[in-house]
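S.K.: Below are the structure tokens for one structure; questions will follow.
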Amino acid sequence: MPEGAQREEITPEVFDHLVELAALELQPAEAEYLRRQLNNQLTAIHELEAIPLDQDTPVATHGVPYTADIRPPARADEWLPYLHPEDILEQAPETDDGYIVVPEIPHTELE
């Protein structure tokens, strides 16, 4: 592969398959733009993975150590019922006995 060339992990065929699985409707220009953007993201991830790190570098989800002494305590789960659920149900296109009815998602068998 020439220097500076980008390896395309998501080929048009793979992308078309993903679009079909996600049941998306994309124009050809939109599909190609999104496919290129996904490949750009994968390239950036590979570049980050290639950065050598010292074995003593602590694992973090961000660049700032988040030690127990500066971490706020976990907030307790507290259930707070909504006072007027009927207001929410009135906005739904279809309800049944206090539940919102959602359309069925078509499924296909994977090979």
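Residues are listed down the side, and each one gets a yes or a no for (1) touching a Gly at 6+ places or on another chain (Cβ under 9 Å); (2) more than 30 Å from L24 (Cβ to Cβ); (3) at pLDDT below 85; (4) open to solvent by 90 Å² or more (accessible area, probe 1.4 Å):
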| site | (1), (2), (3), (4) |
| --- | --- |
| A68 | no, yes, yes, no |
| P72 | no, yes, yes, no |
| R75 | no, yes, no, yes |
| P81 | no, yes, no, no |
| P85 | yes, yes, no, no |
| I88 | no, no, no, no |
| E94 | no, no, no, yes |
| G98 | no, yes, no, no |
| P106 | no, no, yes, yes |
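S.K.: If you take the residues in region 23-39 that are small (G, A, S) and assigned to a helix (DSSP H, G or I), which one is surrounded by the fewest Cβ atoms within 10 Å (Cβ to Cβ)? First the steps, then the outcome.
M.R.: Quick first cut of region 23-39, residues small (G, A, S) only: 23, 29, 31.
Narrowing further to those that are assigned to a helix (DSSP H, G or I): 29, 31.
Details: A29: 8, A31: 16.
Step by step, filter region 23-39, then rank; the result is A29.
The values are calculated or read from the model by the stated rules, or taken from the named source; none is laboratory data. Because the structure is a prediction, the values reported are computed rather than measured. Because the Cβ atoms are built from the backbone with ideal geometry, glycine has one as well, and the counts that use them run over all protein chains shown. With ligands, DNA and RNA removed, areas are computed over all heavy atoms of the protein, side chains included. Shrake-Rupley method; radii C 1.70, N 1.55, O 1.52, S 1.80 Å.
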